[in-house]
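Throughout, read-outs are computed from the coordinates displayed, never taken from laboratory work. If you're wondering where the values come from, they're calculated on a predicted model, not measured in any experiment. A quick note on method: Cβ atoms are made from the backbone with ideal geometry, for glycine too, and the neighbour counts reach across all protein chains shown.
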Protein chains: 2
Amino acid sequence: MIFQQQLRIPGPTPLPERVVRAMDRPLVDHRGPEFKAVMDEIVPGLKKVFGTESDMLLLTCSGTGGLESAVANLVSPGEAVIVALCGNFGERFVSLNKAYGAEVIALEAEWGRPVEPSDLAEVLRAHPEVKLVFLTHNETSTGLTNNLQQLARVVRESGDRVLVVDGVSSVGSMPAEMDAWGIDVLISGSQKGWMAPPGLAFMAVGPRAWEQQSQARSPRFYFDWAKLRDEIAKGATPYTPAVGVAFGVQEGLRMLFEEGLDQVYRRHRVIADACAAGLEAAGFELFAADGYRSATVTSALPPDGLDVSALRSLLRQKYGVVIAGGQGKMTGKMVRVGHLGAVSVGDLIQVLWAIEQALEELDIKPADGRTLAAAGESLAREATPALA
Amino acid sequence: MIFQQQLRIPGPTPLPERVVRAMDRPLVDHRGPEFKAVMDEIVPGLKKVFGTESDMLLLTCSGTGGLESAVANLVSPGEAVIVALCGNFGERFVSLNKAYGAEVIALEAEWGRPVEPSDLAEVLRAHPEVKLVFLTHNETSTGLTNNLQQLARVVRESGDRVLVVDGVSSVGSMPAEMDAWGIDVLISGSQKGWMAPPGLAFMAVGPRAWEQQSQARSPRFYFDWAKLRDEIAKGATPYTPAVGVAFGVQEGLRMLFEEGLDQVYRRHRVIADACAAGLEAAGFELFAADGYRSATVTSALPPDGLDVSALRSLLRQKYGVVIAGGQGKMTGKMVRVGHLGAVSVGDLIQVLWAIEQALEELDIKPADGRTLAAAGESLAREATPALA
């Protein structure tokens, strides 16, 4: 019997008790003053975290729905688009564009490697006529964070393009400055760093994107951004929103601001570094390239002889620790530890301890404490006064 | 200060305490055994209520998203479709089809009147080549329930068509027998009779619809039914679902089955009849045609001199009673009282009492008890042993 699971997948994330309590309120009329008051708080709050003064749109769907809304609003059938990808969610941008009849020019980096700004610059030079560029900020499937600021600069310098960024598992957990970095569309989802349950996608849409949107000719109705903008300006949404999730987002945002975004980002970074150090000491090989390791999810290849699914089952059943495996072509070949949103150093310590115990039980390595020692050294290097 | 709102719009509906408590559980891995256990209960449960052995699909979106998924999966650009409509949500089917480039043959009944089976038969005869027929079961905007069983029979007898039915505000609150009545696609949403918060749409899809789906050529990705079916067969969903809402649906279904579907339907009908009697006694003119009045929402035109928005504001601010106004072309001209999902006779009594008080305060009619007397007479005629 597991008393309390330690849910360490890269979303959905655990809910802080404050968020749970905030969601324990009766439903309200989604077109009435009570919901407008919620929207009046969360729309500006999200804009602040996204670093934008552009429009913030909320839609009831998963992060993938948010990504699709960008394609449905910006791409016309037969149009050429550039997708720079390095993992499963980048591939999703390719599939989405193909589903809408776009001609996809794919710049594909090896999984575990970032998209190189120079490669992107070259593709942009070779295709001066292409208006739309799709990028993944944090590639959840490989635990890699692209250098979005650099990549966005390359796009901005290449001419009048519309840059669409998947920030589903990054915004709110690491710096992502939409306006300052020159991003036109930035997308996230409630179940990631926002500490709320799944159900709402957030799309920040800037002026260049609106201009493109007004000309694009793909079918859209539920995903239509203009209808969303018009209703959100009145404090409502065109179709019934996930009201309860919005209550959760409201409280999650309050917690982010109380902690301070700089400290939130620092907490994620410190925990990610300790996670990487621990996994490496345990015999795993870190998958994402050095310098690009994600602050929200750590990916690693198992030590020789370790069956990933046996490890995950043991962790779940005996220790109540739930981690993710690989996605797409890495299914069954990788572990991914999610550490975003409501995550403390103590949570990570539980996970690493359980992994070390499990490795001994699976006859891979003795549980001699090296994993936690390495994590402790990493934490000590950070010299953070408070780590809870 | 309003201690507890009486939320009587036609969705979102209030949550029973049992549902609230059931949702108070930690989030789980949406691809793990805990969520599979939820799916293993709610998928068969939903199928039972829908009266179908076909596939049950769940998607994180509003009811409109569910309707759009039908268009995205079934309609090809340039294809002719028949939409039989009698209100705002029927018009939504028209807009959705047009957004996907369909040529819409609209059979439009006057608002407040049902779609007549003979009119539908005529349109079907005139267009033998048209494969797709879209119908609204319960037209939430006018408080009218079409005779779906008859209309479906007309479609079935007209040849090999695919019948798509918007059952968003009907299924779970009134009889809707998908297989027995010959419906190919039936759609509902979690925030209606299911007593859960908004966030999940349910689409039941039968064999004729699957055949059409395999040939249709509209862009689709998030809404793609085949991907949904394949993942749901494994107890998961292709993209992160609204996990918390699924917990709520699970408990709501248990409550429906414990009460017994026949009694659930009877409770809705009895309360709707009492609501209509009360509103009529209060001087309102019932909007939906006699014999077609919805069991889930009652629509009525105000007595002379009554400003609907003044009434709604007073009800909300002084009595904590939230009712809906008109939609589309009836905005500001109508009241709609929602009574679906978690609704008891006591709830309705509160609403009618508040309306009577408010009418006196607005100098329309004295609060002489006639509204509640009429509701009481209606309830007495039903001779229901227990009405709580």
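In whole Å and largest first, what semi-axes does the C-alpha gyration tensor of region B:316-388 yield when each eigenvalue is scaled by 5 and square-rooted?
23, 17, 12
Using r as the Cβ-Cβ distance of A:E17 and B:K36, and R0 as 30 Å, what FRET efficiency do you calculate, to the nearest 0.05?
0.70
Apply the a/c threshold of 1.5 to the C-alpha gyration tensor of region A:241-325 and tell me whether it is rounded, prolate or oblate.
Oblate is the answer for region A:241-325, as a/c is 1.5 or above yet b/c matches or exceeds a/b.
Once the dipole of the protein assembly as shown is set up with Lys and Arg at +1 and Asp and Glu at -1 on Cβ about the Cα centre, which of B:H137, A:P26, A:A70 lies farthest towards its positive end?
Positive-most Cα among the choices belongs to A:P26.
With a 10 Å Cβ neighbour count serving as the proxy for reagent exposure, in which order, fewest first, do A:R336, B:R125 appear?
B:R125, A:R336
With each label point set 7 Å from Cα along the Cα-Cβ vector, what nm distance links A:E103 and B:D290?
Label at A:E103, label at B:D290, 6.6 nm between them.
Using modelled amide H (1.01 Å from N, peptide plane; none on Pro or chain starts), what sits under 5 Å from the amide H of A:L107, excluding residues fewer than 5 places away?
Placed amide hydrogens put A:V83, A:A84, A:L85 under 5 Å from A:L107.
For chain B, I need the span (max minus min coordinate) of the C-alpha atoms along each principal axis, in Å, sorted largest to smallest.
In descending order, the Cα extents are 62, 53, 35 Å.
Which stretch or stretches of region A:281-296 have amide N atoms under 13 Å from the point lying 7 Å from A:A180's Cα along the Cα→Cβ direction?
Answer for this model: none.
If you count the DSSP beta bridges with both ends in region B:1-160, what percent of them are antiparallel, to the nearest 5? Display every interim value, and only then the final one.
Values: 2 of 12 bridges.
Bridges in region B:1-160 that DSSP calls antiparallel: roughly 15 percent.
Using θ = phi - 60° and the Karplus curve 6.51 cos²θ - 1.76 cosθ + 1.60, what whole-Hz ³J(HN,Hα) does each residue of region A:6-19 get, with Gly and Pro shown as x?
Once θ is set to phi - 60°, the couplings for region A:6-19 become 9, 7, 10, 9, x, x, x, 9, x, 9, x, 4, 4, 5 Hz.
Between B:S76 and B:R25, what is the spin-label point distance in nm, taking each point 7 Å from the Cα along the Cα→C-beta axis?
Using points 7 Å along Cα→Cβ, the separation is 4.5 nm.
Assuming a ≥ b ≥ c are the square roots of the Cα gyration tensor eigenvalues, decide whether region A:125-221 counts as rounded (a/c under 1.5), prolate (otherwise, with a/b larger than b/c) or oblate.
Oblate, because a/c is 1.5 or more while a/b does not exceed b/c.
How far apart are the A:K36 label points across copies, placing each 7 Å from Cα toward Cβ, in nm, shortest first?
The answer, with the shortest distance listed first, is 4.8 nm.
Could you work out which residue, out of B:E139, B:E157, B:E68, moves most in a Gaussian network model of chain B, that is, has the largest mean-square fluctuation with Cα springs under 10 Å?
Looking only at B:E139, B:E157, B:E68, the biggest GNM fluctuation is shown by B:E157.
From the label point of A:L362, set 7 Å from Cα along Cα→Cβ, how far away are the matching label points in the other copies, in nm, ordered shortest to longest?
6.7
Can you give the convex hull volume per residue for the Cα atoms of region B:191-312, as a whole number of Å³?
Output value, Cα hull per residue: 201 Å³.
Distance check, please: which entries in A:K98/A:K227; B:K98/B:K192; B:K192/B:K227; A:K333/B:K234 exceed 29 angstrom between their Cα atoms?
With Cα atoms farther than 29 Å apart: none of A:K98/A:K227; B:K98/B:K192; B:K192/B:K227; A:K333/B:K234.
Can you spot the aspartates and glutamates whose alpha carbon is less than 14 Å from B:K47's alpha carbon? Ignore those fewer than 8 places along the same chain.
Excluding near neighbours in sequence, the set is B:D55, B:E177, B:D179, B:D184.
log₁₀ I(q)/I(0) of region A:278-368 at q = 0.21, 0.22, 0.23, 0.24 Å⁻¹, via Debye over equal Cα point scatterers, no solvent, to two decimals?
-1.08, -1.20, -1.31, -1.43
Give me the aspartates and glutamates in straight-line cross-link reach of B:K318: C-alpha distance below 20 Å, same-chain residues under 8 apart excluded.
A:D29, A:E34, B:D307, B:D347, B:E356, B:E360, B:E361, B:D363, B:D368
Which ³J(HN,Hα) values in Hz, rounded to whole numbers, follow from the phi angles of region A:189-200 under the Karplus curve 6.51 cos²θ - 1.76 cosθ + 1.60, where θ = phi - 60° and Gly and Pro get x?
So the Karplus estimates, Gly and Pro as x, are x, 4, 8, 9, x, 7, 6, 10, x, x, x, 10 Hz.
Could you please report the charge total around A:R92, scoring K, R as +1 and D, E as -1 over all other residues with beta-carbon less than 15 angstrom from its beta-carbon?
Spelling it out: positives minus negatives among the neighbours equals -3.
Compute, for region A:193-237, the length of the dipole vector about the Cα centre, with Cβ point charges of +1 (Lys, Arg) and -1 (Asp, Glu) only. Units Debye, rounded to 20. Before the final figure, lay out the partial values.
Values: 6 positive and 4 negative charges, 17 e Å.
Rounded to the nearest 20 debye, it is 80 debye.
For the protein assembly as shown, what Kirkwood radius comes out of the mean inverse Cα-Cα distance, in Å?
27.2
Among residues other than B:A367 whose Cβ falls under 11 Å from its Cβ, what is the net charge (Lys/Arg +1, Asp/Glu -1)?
My count for the surroundings of B:A367 gives -2.
Around A:G244, what is the net charge, scoring Lys/Arg as +1 and Asp/Glu as -1 over all other residues with Cβ under 11 Å from its Cβ?
Computed value for this residue: 0.
Report, for region B:17-257, the % of DSSP beta bridges that are antiparallel, rounded to 5. Mind dumping the intermediate values first?
Details: 13 of 32 bridges.
Among the beta bridges of region B:17-257, antiparallel pairing accounts for roughly 40 percent.
Going 7 Å from Cα along the Cα-Cβ axis for the label, what nanometre distances separate B:E382 from the same residue across the other copies?
Ordered by distance, the counterparts are at 5.9 nm.
Rounded to the nearest 0.05, what FRET efficiency do A:K318 and A:K48 have when you use their Cβ-Cβ distance and R0 = 35 Å?
Efficiency at R0 = 35 Å is approximately 0.25.
Using the Karplus curve 6.51 cos²θ - 1.76 cosθ + 1.60 with θ = phi - 60°, what ³J(HN,Hα) values do you get for each residue of region B:104-114, in whole Hz, with x for Gly and Pro?
Rounded to whole hertz, the list is 8, 9, 9, 9, 10, 8, 4, 4, x, 10, x.
Report, in whole Å, the centroid distance computed from the Cα atoms of region A:127-175 and region A:27-75.
20
In chain B, which helices (entire DSSP H runs) extend 27 Å or more along their own long axis, judged by Cα positions, while averaging at least -1.0 on the Kyte-Doolittle scale?
Helices meeting the criterion: B:261-281.
When the C-alpha atoms of region A:17-147 are aligned to their principal axes, what extent does each axis show, in angstrom, from largest down?
54, 32, 26
Using modelled backbone amide H atoms (1.01 Å from N, in-plane), which distant-in-sequence or interchain residues come within less than 5 Å of B:Q191's amide H?
Amide H neighbours of B:Q191: B:G199, B:L200.
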